[in-house]
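Asker: One structure follows; several queries about it will come next.
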Amino acid sequence: MNLMSKPVAYSVKAYSAASATSPLAASNIQRREPTDRDVQIEILYCGVCHSDLHFVRNEWGNGQYPAVPGHEIIGRVKKVGPKVTKFKVGDIAGVGCMVNADLSCPHCRAGNEQFSPSMIMTYGSTDKHLGGPTLGGYSEAIVVDEHFVLRVPENLDLAGVAPLLCAGITTYSPLRHWKVGPGKKVGIVGLGGLGHMGVKFARAFGTHVVVFTTSPGKKEDAIRLGAHEVIVSRNEDEMAKHAGTFDFILDAVSADHDINGLLNMLTPDGNMTLVGAPEKPFPISSFGLIFGRKSLSGSLIGGIAETQEMLYFCGEHNITCDIEMIRMDEINEAYERMLRSDVKYRFVIDMASLKAE
Ligand code: NAP
Ligand code: ZN
């Protein structure tokens with residue numbers, strides 16, 4: 001790029017990992033001064049997604065260091081560029097997994113910026129303004145093109161809204177795409193950050209919701225969150241009772257598990273959509289799909305318009321994430337707990353704790 005056009009940068013505090021095997025630690029990073037269409041946001045809360053952990057530890061092979069994860073961002077607008085129309089100083093704003101795309105390709109025009117070849121992720125893409133990797137929300141501030149900044153319903157608890165920016169849209173979008181609603185039996189696999197939002201949305205859309213969990217201790221919570229039934233997926237008898245009965249299954253599991261056993265739960269013409277992105281590929285039995293003309297698909301977050309729709313839906317239905325607030329310096333321990341499926345149901349970092357460091 002033309003160095004003459006490089007924007008002025010300033011320094012902010014962040015938590016970053018120096019390599020795939022280093023813990024996250026305090027550091028300073030650069031942010032650009034807002035250009036024409038940029039919104040500068042002081043971050044109040046940032047959710048902790050399992051993708052942050054996959055990325056920081058290079059489990060997907062796309063790690064870039066220093067790595068600053070975080071793509072469930074809620075903050076207050078501090079400054080806007082001269083051409084910004086959607087936001088003014090003092091507004092509450094949200095940022096999810098994307099911070100840029102060309103906005104002119106067929107995918108962007110269809111509202112699917114997440115599928116654009118030019119899409120820039122909040123962390124781990126190349127920063128076209130300052131060079132180096134894009135750096136996420138485990139930081140004091142972020143500067144983002146206004147198209148990728150979301151409005152936040154004022155009636156909701158802000159810390160509980162933060163994870164909607166990824167866990168919320170990633171579950172809302174496939175449930176909408178596959179048109180689940182009254183009369184459909186829907187399975188949600190894995191009661192973690194994504195899964196618990198899948199339960200809330202599937203219930204709000206009027207389906208019969210069944211949770212598949214490996215944690216018997218989460219049964220009561222699953223019901224409280226909106227499930228009608230709970231299956232402990234390691235119990236063969238419980239699985240056998242429901243075989244062949246699901247119209248749709250959303251798999252939000254972060255680690256290796258028996259995907260063929262889950263396909264066996266689908267009714268003919270049923271669909272299972274993967275949103276979980278474990279490190280290792282799955283072995284898929286073709287017979288599991290052939291018998292019953294079943295389909296297996298995937299889904300990546302959701303477009304900006306749909307993310308905004310989801311946030312307004314949550315505002316109307318009073319839906320937020322169930323969170324456990326942590327300090328920034330508790331992040332490494334939070335990752336270990338996330339690996340043990342010990343989170344109810346999303347960690348959210350109170351960014352005031354980073355400021356205070
Ligand atoms: P999370 O909070 O850690 O939840 C994952 C859940 O998976 C756990 O709570 C656990 O639920 C279940 N689980 C864990 N290990 C398991 C195992 N070995 N076998 C079976 N179940 C197991 O993670 P998350 O933040 O919700 O993310 C889930 C996955 O989605 C991650 O891979 C993440 O990278 C991916 N993701 C994808 C997108 C997308 O756009 N597609 C967006 C965000 C995240 P139980 O205790 O109930 O069994
Ligand atoms: Zn995420």
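Asker: Tell me, how many Å apart are the Cα centres for segment 7-34 and for segment 243-273?
Answerer: Measuring centre to centre over Cα atoms gives 40 Å.
Asker: A follow-up question, please. Which is farthest toward the positive dipole end of the chain among I231, F287, A20, measuring Cα position about the Cα centre, with Cβ charges +1 (Lys, Arg) and -1 (Asp, Glu)?
Answerer: Checked the options; the winner is F287.
Asker: Determine the dipole magnitude for segment 167-298: charges of +1 sit on the beta-carbon of Lys and Arg, -1 on that of Asp and Glu, nothing else is charged, the reference point is the Cα centre, and the result goes in debye to the nearest 20.
Answerer: Numbers: 14 positive and 12 negative charges, 91 e Å.
Dipole size: approximately 440 debye.
Asker: First select every other residue whose beta carbon is under 12 angstrom from the beta carbon of I223; then total the charges, Lys and Arg +1, Asp and Glu -1.
Answerer: +1
Asker: Applying the Karplus parametrisation 6.51 cos²θ - 1.76 cosθ + 1.60 with θ = phi - 60° to the phi angles of segment 214-222, what ³J(HN,Hα) value in whole Hz is obtained for each residue in order, glycine and proline being reported as x?
Answerer: Values per residue, Gly and Pro as x: 9, 10, x, x, 9, 3, 4, 4, 4 Hz.
Asker: What does the highest-first list of 194-205, 243-254 look like by mean Cβ count within 10 Å?
Answerer: By packing density, highest mean first, the sequence is 194-205, 243-254.
Asker: Of all accessible surface on the chain at a 1.4 Å probe, what whole percent is carbon and sulfur?
Answerer: Roughly 53 percent, rounded to a whole number.
Asker: Measuring with a 1.4 Å probe in the full set of protein chains, what accessible area per residue, in whole Å², belongs to segment 167-298?
Answerer: Working: 5770 Å² over 132 residues.
Each residue of segment 167-298 exposes 44 Å² on average to a 1.4 Å probe.
Asker: Got the relative contact order for the chain handy, in percent, Cα pairs under 8 Å and 6 or more residues apart?
Answerer: Once normalised by length, the contact order is 18 percent.
Asker: Which length gain, in nm to one decimal place, applies between R32 and H147 when the Cα-Cα distance is subtracted from 0.36 nm times their residue separation?
Answerer: On the way: separation 115, 0.36 × 115 = 41.40 nm, distance 1.69 nm.
Length gained between R32 and H147: 39.7 nm.
Asker: Follow-up. Within the set of other residues whose C-beta is less than 14 Å from the C-beta of Y312, count the net charge using Lys and Arg as +1 and Asp and Glu as -1.
Answerer: Around Y312, the surrounding residues sum to -2.
Asker: Can I ask one more? Grab the other residues whose beta carbon is less than 13 angstrom from that of N58, score K and R as +1, D and E as -1, and report the net. Don't skip to the answer; put the middle values down first.
Answerer: Details: positive: R57; negative: D52, E59, E279.
Charge balance near N58 sits at -2.
Asker: Another question, if that's okay. Express in nm, to one decimal, how much length is gained between M325 and S19 on full extension, taking 0.36 nm for each residue of separation and deducting their alpha carbon distance.
Answerer: 107.6 nm
Asker: To continue, here is another question. Name the residue farthest towards the positive end of the dipole of the chain from the options C108, H177, C49, assuming +1 on Cβ of Lys and Arg, -1 on Cβ of Asp and Glu, about the Cα centre.
Answerer: My answer, from the dipole projection, is C108.
Asker: Given H placed on each backbone N at 1.01 Å, which residues far from F347 in sequence or on other chains put an amide H within less than 5 Å of it?
Answerer: V48, E324
Asker: Any idea what the dipole of the chain comes to, in debye rounded to 20, about its Cα centre with Lys/Arg Cβ at +1 and Asp/Glu Cβ at -1?
Answerer: Charge dipole of the chain: 580 debye, to the nearest 20.
Asker: Ranked highest first by the average count of other Cβ atoms within 10 Å around their residues, in what order do 98-110, 17-29 fall?
Answerer: Packing order, densest peptide first, comes out as 98-110, 17-29.
Asker: Tell me, what is the per residue accessible area of segment 11-132 in Å², probe radius 1.4 Å?
Answerer: On a per-residue basis, 41 Å².
The values are calculated or read from the model by the stated rules, or taken from the named source; none is laboratory data. Just so it is clear, the model here is predicted, and its values are computed rather than measured. Note that each Cβ is placed from the backbone with ideal geometry, even for glycine, and that neighbours are counted across all protein chains shown. Heavy atoms of the whole protein, side chains included, go into the accessibility calculation; ligands, DNA and RNA do not. Shrake-Rupley method; radii C 1.70, N 1.55, O 1.52, S 1.80 Å.
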